[in-house]
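Engineer: The structure's right below; bear with me while I get my questions together.
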Amino acid sequence: MIYRILIPLTIVGILAIVWFGGGDKFFKSNFGSVVDQTASSTPLPTPVETIAPVTATVAPTPTAIPTSTPPVVPSGWQTYTNTQYGFAISFPPDYKALTDKDNLYGWPKAVVLIYAGGQAYDVIIEVWNTEGEYKAAHPGENLTVYEIDGKFVTAFDQTKNAETESVINTFHPTK
């Protein structure tokens with residue numbers, strides 16, 4: 001009979017000690033934001049500034065190749081042309097241009113991924129509505145950027161090797 005009273009009191013006592021001993025702060029810091037987001041119908045504010053990581057070198061600025069003629073493409077290379085956004089990029093025959101939604105998953109702004117095999121996509125071509133969007137997504141990265149019909153089309157060299165640099169050098173607007 002006494003156990004029916006002592007066990008619930010002991011459990012309540014332990015919970016009170018945990019709660020008043022910092023459990024409430026733990027719960028609020030780890031789970032409070034989830035509760036707040038689902039309870040509120042107003043969207044969370046988007047960041048207005050992204051701070052680049054501190055490095056010992058100066059981060060390069062995005063560049064555009066100011067040319068009106070397409071670059072010279074090595075013999076035997078394939079060319080991917082996107083008529084919707086008005087650009088083309090060439091790549092060696094052992095590379096692939098991936099445009100299906102399964103491969104683009106994880107790259108919501110990408111329209112084509114240039115891939116030679118391995119663990120990472122080599123060159124990612126993305127389309128952005130504003131300059132701020134691509135700068136926030138790739139802080140401190142050296143991108144090739146073209147503004148085409150009010151959109152910013154970027155070529156991001158993810159693997160940074162000599163061959164992908166040659167691929168990036170073929171990236172150009174077609175409009």
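Every number here is computed from the coordinates shown, using simple stated rules; none is lab data. Predicted, not measured: the structure shown is a model, and the values here were computed from it. Here the Cβ positions follow ideal geometry from the backbone for every residue, glycine too, while neighbour counts run over all protein chains shown.
Engineer: Cut-off is 10 Å between beta-carbons; in what order do Asp100, Asp157, Asp122 appear when sorted fewest neighbours first?
Structural biologist: Ascending number of Cβ neighbours within 10 Å: Asp100, Asp157, Asp122.
Engineer: What's the Kirkwood radius of region 78-173 in Å, using all Cα pairs?
Structural biologist: 13.3 Å
Engineer: Continuing with this model, one more query. Count charges around Trp128 for me, please; just the other residues with Cβ under 14 Å from its Cβ, Lys/Arg as +1, Asp/Glu as -1.
Structural biologist: Around Trp128, the surrounding residues sum to -3.
Engineer: When a footprinting reagent is the concern and you count Cβ atoms within 10 Å, what order do Glu147, Glu133 take, fewest first?
Structural biologist: With the fewest neighbours first, Glu147, Glu133 line up as Glu147, Glu133.
Engineer: Limiting things to C-alpha atoms, what are the Rg and the maximum Cα-Cα separation (Dmax) for region 111-153, in angstroms?
Structural biologist: 11.5, 34
Engineer: To continue, here is another question. What does the charge count around Ile114 come to, taking other residues whose C-beta lies under 9 Å from its C-beta (Lys +1, Arg +1, Asp -1, Glu -1)?
Structural biologist: Here the charged neighbours net out to 0.
Engineer: Which whole-Hz ³J(HN,Hα) couplings does region 123-132 yield from phi under the Karplus relation 6.51 cos²θ - 1.76 cosθ + 1.60, θ = phi - 60°, glycine and proline marked x?
Structural biologist: So the J values, rounded to whole Hz, are 10, 10, 9, 10, 10, 10, 7, 9, 5, x.
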